[in-house]
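S.K.: Pasting a structure here, questions to come.
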Amino acid sequence: MHHEPPTSVAEAERLQEQLRQRLDLDTHLAASPTLVAGVDVSYDQSSPRITAAAVVIELTTGEEVESAVVHGEVTFPYVPGLLAFREVPIVLQALGKLGCRPEVVACDGYGIAHPRRFGLACHLGVVMERPTFGVAKTPFVGTYDQPGKRRGDWSPLCDGDDVLGRVLRTQADVKPVFVSVGHRTGLDEATSLTLDLSPRYRLPEVIRRADFLSREALRRNED
């Protein structure tokens, strides 16, 4: 499926639309998943090198179970709305190095809160055939009202009549995050998982750890 990157933006958009037909927005998650993975990609600013990290934690204890890192090179240009073609291939490699099988994957980015309703989390979930959701630091599409100031307060992220996700306060008086479903995960589940994964900081712990691990591994690889 991802052996050869698309050769043009038009081809990537066609492929994105084909994959979107396979999107499943019903939840297939167990009531309380045990193993949750977070993924992130770091870029070298002066070369095409990139590093992906996947981190798995046990949800009830917050303990890290396993992690994996993969180094590679960018094979698709940066085009807003088509980030998945840069990141999904190497993220799949990192997830493939794990010995355990996480029940759900949290992505640093968007699910259906995307111009064509098919962001990174959707793309990854469809290709993996596994539940995914996205947690982003900034909005990409849609309008919203500020949620209340308490942890757990949220407001809908909307585009017209379409609800694309939730603007969620993970810590009191801290900037909210933008949660959207990817694949086989409901918005209620994505919201509660984001809160469960964010006991102390604004961003979910698995995404924070994957971000740190990918950046450190990229730096070490440069050295």
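S.K.: So, Ala190, is that one touching a residue at least 12 places away in the same chain (Cβ under 8 Å) and under 19 Å from Arg86 (Cβ atoms) or not?
M.R.: Judged against the criteria, Ala190 is not a match.
S.K.: A further question on this structure: Residues of the range 185-223 being crowded, with 22+ Cβ neighbours inside 10 Å and touching a Leu at 6+ places or on another chain (Cβ under 7 Å), which ones?
M.R.: Thr185, Thr194, Pro204, Val206
S.K.: A follow-up question, please. Would the range 4-25 turn up any residue that is exposed (fewer than 15 other Cβ atoms within 10 Å of the Cβ), assigned to a helix (DSSP H, G or I), modelled with pLDDT under 95 and aliphatic (A, V, I, L, M)?
M.R.: yes
S.K.: Same structure, new question: Looking at this structure, is Glu58 more than 17 Å from the chain's Cα centre (by Cα) and either surrounded by fewer than 21 Cβ atoms within 10 Å (Cβ to Cβ) or not hydroxyl-bearing (Ser, Thr, Tyr) (or both)?
M.R.: yes
S.K.: Yes or no: Ser155 modelled with pLDDT of 95 or more, among the small types (Gly, Ala, Ser), under 18 Å from Ile112 (Cβ atoms) and surrounded by fewer than 23 Cβ atoms within 10 Å (Cβ to Cβ)?
M.R.: Judged against the criteria, Ser155 is a match.
S.K.: Can you spot a residue in the range 116-133 that is more than 25 Å from Thr27 (Cα to Cα) and modelled with pLDDT of 95 or more? Show your work before the answer.
M.R.: Quick first cut of the range 116-133, residues more than 25 Å from Thr27 (Cα to Cα) only: none.
Scanning the range 116-133, I find no residue that is more than 25 Å from Thr27 (Cα to Cα) and modelled with pLDDT of 95 or more, so the answer is no.
S.K.: Hey, can you tell me all the residues within the range 82-103 that are more than 13 Å from the chain's Cα centre (by Cα), part of a loop (DSSP other than H, G, I, E, B) and closer than 24 Å to Val141 by Cα?
M.R.: If the condition is that a residue be more than 13 Å from the chain's Cα centre (by Cα), part of a loop (DSSP other than H, G, I, E, B) and closer than 24 Å to Val141 by Cα, then Leu82 is the only one that fits.
S.K.: Name the pairs: first residue in the range 150-161 and of a type outside the set (S, T, N, Q), second residue loosely packed, with under 14 Cβ neighbours inside 10 Å and in a loop (DSSP other than H, G, I, E, B), Cβ to Cβ under 7 Å, at least 6 apart or on different chains?
M.R.: Taking only residues 6 or more apart or on different chains, the pairs are Arg150/Ala172; Arg151/Ala172.
S.K.: Sticking with this structure for a sec: Condition first: exposed (fewer than 15 other Cβ atoms within 10 Å of the Cβ), closer than 23 Å to Asp211 by Cα and among the acidic types (Asp, Glu). Can you find one or more residues in the range 70-89 that meet it?
M.R.: Looking for residues that are exposed (fewer than 15 other Cβ atoms within 10 Å of the Cβ), closer than 23 Å to Asp211 by Cα and among the acidic types (Asp, Glu), one finds at least one in the range 70-89, hence yes.
The values are calculated or read from the model by the stated rules, or taken from the named source; none is laboratory data. Just so it is clear, the model here is predicted, and its values are computed rather than measured. Counting neighbours? That spans all protein chains shown, and the Cβs are built from the backbone with ideal geometry, glycine included.
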